[in-house]
1. Among the candidates Asp82, Asp69, Asp3, Asp44, single out the residue that is modelled with pLDDT under 85, more than 19 Å from the chain's Cα centre (by Cα) and not small (Gly, Ala, Ser).
2. For the range 133-157, what are the residues that are touching a helix residue (DSSP H, G or I) at 6+ places or on another chain (Cβ under 7 Å) and part of a helix (DSSP H, G or I)?
3. Only residues that are in a helix (DSSP H, G or I) and modelled with pLDDT under 75: list them for the range 173-207, please.
4. Asp101 passes all but one of (1) closer than 18 Å to Gly194 by Cα; (2) in a helix (DSSP H, G or I); which number fails?
5. Restricting attention to the range 104-121, which residues are assigned to a strand (DSSP E or B) and charged (D, E, K, R)?
6. Just give me the residues in the range 32-47 being touching a strand residue (DSSP E or B) at 6+ places or on another chain (Cβ under 9 Å) and either among the aromatic types (Phe, Trp, Tyr) or part of a loop (DSSP other than H, G, I, E, B) (or both), in sequence order.
7. Conditions: (1) modelled with pLDDT of 80 or more; (2) exposed (fewer than 12 other Cβ atoms within 10 Å of the Cβ); (3) under 21 Å from the mean Cα position of the chain (by Cα). Lys63 meets all but one. Number of the miss?
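The values are calculated or read from the model by the stated rules, or taken from the named source; none is laboratory data. Note that the coordinates shown come from a computational prediction; the quantities given were computed from them, not determined experimentally. Backbone-built Cβ (ideal geometry, glycine too); neighbour counts: all protein chains shown.
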Amino acid sequence: MFDRLVGADPHVQEGESAIWIWAPIITKQCPECENSPNYHEDSDCGYDETPPEEWSEGLVGFKPAPVFDISQTEGEPLPDLDTEATGDAGDLVEQLTAAADDLGVTVRIIPANEWTHGEAKGICEQLSLIDMQPRVEVRDRENDADLARTLVHEYAHALLHFDVDDDTERSKREVEAEAVAYVVGRYCGLDTSGSAFYLAAWESDDPEVVRERLGRISRTAEELIDVLEERLAR
């Protein structure tokens, strides 16, 4: 479904209505109140140790954004969506695999020639018989940035969805996990803009359910970022 969504395209057919989704707002974030500079100024937060231009970027909220299904457009065919993350991952893969114990997850990076899960880049499945934890396996590849994004995606499944057994939720759970991968990847300096995580799958959800999902994405992304930051500080 998600590779069929495009942004405001100049060839959208006349009379078509946009699908409104929630897209993340990534900007400078106060280290204390976690608001953007504008909201920080209007808040009661007294943090002033560093100026806003030196703050790190983070998820400060979501905003509505219009998208159109490919069937609502005309003209030249759109290229296939490339969902691979890019950028300098440094030792991020090593840090993420080392963080597995902190997250309560068993993780393995499987050589490509030993991978038995088809085109999937990663999986999160039954409890490990060794330590009775969610087990994450990812297919090894040369692109460390994308390998790191996949690790975060599968960690999000382990933290958010491991005890959920409802096939009707499958696509929505994929959106949640990919949203977490997008946010954490951006925080770590990767280009994850190709991630097809937009929340169109939530179109029929009750507003309270949508808010609950957004809360889970934010909390899970923060948990993963905190674990990485703690490991870097050791």
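1. On the way: Asp82 fails: more than 19 Å from the chain's Cα centre (by Cα); Asp3 fails: more than 19 Å from the chain's Cα centre (by Cα); Asp44 fails: modelled with pLDDT under 85.
From the options Asp82, Asp69, Asp3, Asp44, the qualifying one is Asp69.
2. Let us first name the residues in the range 133-157 that are touching a helix residue (DSSP H, G or I) at 6+ places or on another chain (Cβ under 7 Å), namely 134, 136, 138-141, 144, 147-149, 151-153, 155-157.
Across the range 133-157, the qualifying residues are Asp144, Leu147, Ala148, Arg149, Leu151, Val152, His153, Tyr155, Ala156, His157.
3. Narrowing the range 173-207 to residues in a helix (DSSP H, G or I): 173-187, 199-202, 207.
Matches in the range 173-207: Leu199, Ala200, Ala201, Trp202, Pro207.
4. Against the list (1) closer than 18 Å to Gly194 by Cα; (2) in a helix (DSSP H, G or I), Asp101 comes up short only on (1).
5. Initially, the range 104-121 is screened for residues assigned to a strand (DSSP E or B), giving 106-110.
Arg108, the sole residue that qualifies.
6. Glu34, Asn35, Ser36, Tyr39 - these are the residues of the range 32-47 that are touching a strand residue (DSSP E or B) at 6+ places or on another chain (Cβ under 9 Å) and either among the aromatic types (Phe, Trp, Tyr) or part of a loop (DSSP other than H, G, I, E, B) (or both).
7. (1)
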